[in-house]
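Q: Quick one: the structure is below, and I'll ask about it shortly.
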């Protein structure tokens, strides 16, 4: 990767939203450092998208995360933008879930964000600019009965991000939350929701565009929260 353009670190680079965010930022001239557990997927993106680099990692494993952070720092510098898209999820009531699953999801959704933000923030503060964004969903705002293994961690993530925004905003760092109130259009979701019309699904490319819009906002009009949903969504 060239050292002359801005660097974005994107976690949770899966086949849908994560890959779409990579493509969108690369198309805008960013260098892109990618994190995900699936090394083969990352390598495929490296081979097809110029300016990308692969850093396979389970972000819930602090040792792995530290090792990959060191590699990014030594080889590419500190990110100008951090997008935490990695997500741990599980369904079930509070009586049904395995408590260790909730703990694991907390490590992915909240603690990984904390560790990554603590790494990127000092360099951003020194520069007086930068952006930190997390993608989420409406579980961050409400605890439905079947989301006990997931919603508490997303709510904690959003509140952590709000606290970060209040600390970092006055220092020139834009912190934002992009909540996706939708089923994302993927092969497995199309199969699960067979028969649903196209307007039921949110397109990964449109989510990526919204993420880019958020981190590109002028300083006089920053948004902390953006809640996006397809026009056909009932809410």
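Q: Counting pairs of alpha carbon atoms under 8 Å apart in space and at least six apart in sequence, what relative contact order in percent does the chain give? Numbers along the way, then the final one.
A: Numbers: 431 pairs, mean separation 43.7, N = 235.
Across the chain, relative contact order equals 19 percent.
Q: While we're here: Dividing the convex hull volume of the Cα atoms of segment 54-174 by its residue count, what figure in Å³ per residue is obtained? Mind showing how you got there, number by number?
A: Numbers: hull volume 11.2 nm³, N = 121.
Measuring per residue, one finds 92 Å³ for the Cα hull of segment 54-174.
Q: Another question about this same structure. Can you tell me the Rg and Dmax of segment 1-78, counting just the alpha carbons, in angstroms?
A: 11.5, 32
Q: Give me 222, 235 sorted ascending by neighbouring Cβ count inside 10 Å, so fewest comes first.
A: Values: 222 14, 235 7.
The order, fewest Cβ neighbours first, is 235, 222.
Q: When you count, for each residue, the other Cβ atoms within 10 Å and take the mean per peptide, how do 133-140, 65-72, 90-97, 114-121 rank with the highest first?
A: Numbers: 133-140: 23.2, 65-72: 16.6, 90-97: 13.5, 114-121: 18.2.
Going by the mean number of other Cβ atoms within 10 Å, highest first, we get 133-140, 114-121, 65-72, 90-97.
Q: Report, to two decimal places, the Cα Rg of the chain normalised by 2.2 N^0.38 Å (N = number of residues). Provide the component values of the computation, followed by the final result.
A: On the way: Rg = 17.1 Å, N = 235, 2.2 N^0.38 = 17.5 Å.
Cα-based Rg divided by the globular estimate yields 0.98.
Q: Exposure proxy check: 168, 161 ranked by fewest other beta carbons within 10 Å?
A: Numbers: 168 19, 161 25.
The order, fewest Cβ neighbours first, is 168, 161.
Q: In which sequence would 35, 164, 124 go, from the one with the fewest C-beta neighbours within 10 Å to the one with the most?
A: Numbers: 35 27, 164 19, 124 23.
By the 10 Å Cβ count, ascending, the order reads 164, 124, 35.
Q: Where both residues lie in segment 7-228, what percent of DSSP beta bridges are antiparallel, nearest 5?
A: On the way: 0 of 31 bridges.
Rounded to the nearest five, the antiparallel share is 0 percent.
Q: Can you give me the C-alpha center-to-center distance between segment 128-146 and segment 167-192, rounded to a whole angstrom?
A: 7
Q: Hey, another quick one. Which value at 222 nm does the chain reach when only helices count, each DSSP H run of 4 or more adding -39,500 (n - 2.57), with the total divided by all residues and rounded to the nearest 500 deg cm²/dmol? Mind dumping the intermediate values first?
A: Working: 8 runs with 96 residues, N = 235.
Roughly -12500 deg cm²/dmol at 222 nm, from the helical runs in the chain.
Q: How big is the equivalent ellipsoid of segment 96-235 along its three axes, where each semi-axis is √(5λ) from the Cα gyration tensor, reported in whole Å from largest to smallest? Intermediate values should be presented prior to the final figure.
A: Numbers: eigenvalues 159, 84, 28 Å².
Taking √(5λ) for each eigenvalue gives 28, 21, 12 Å, largest first.
A short reminder: the numbers here are calculations on the coordinates, not readings from a lab. Computed from a predicted model, the values in this text were never measured in an experiment. Because the Cβ atoms are built from the backbone with ideal geometry, glycine has one as well, and the counts that use them run over all protein chains shown.
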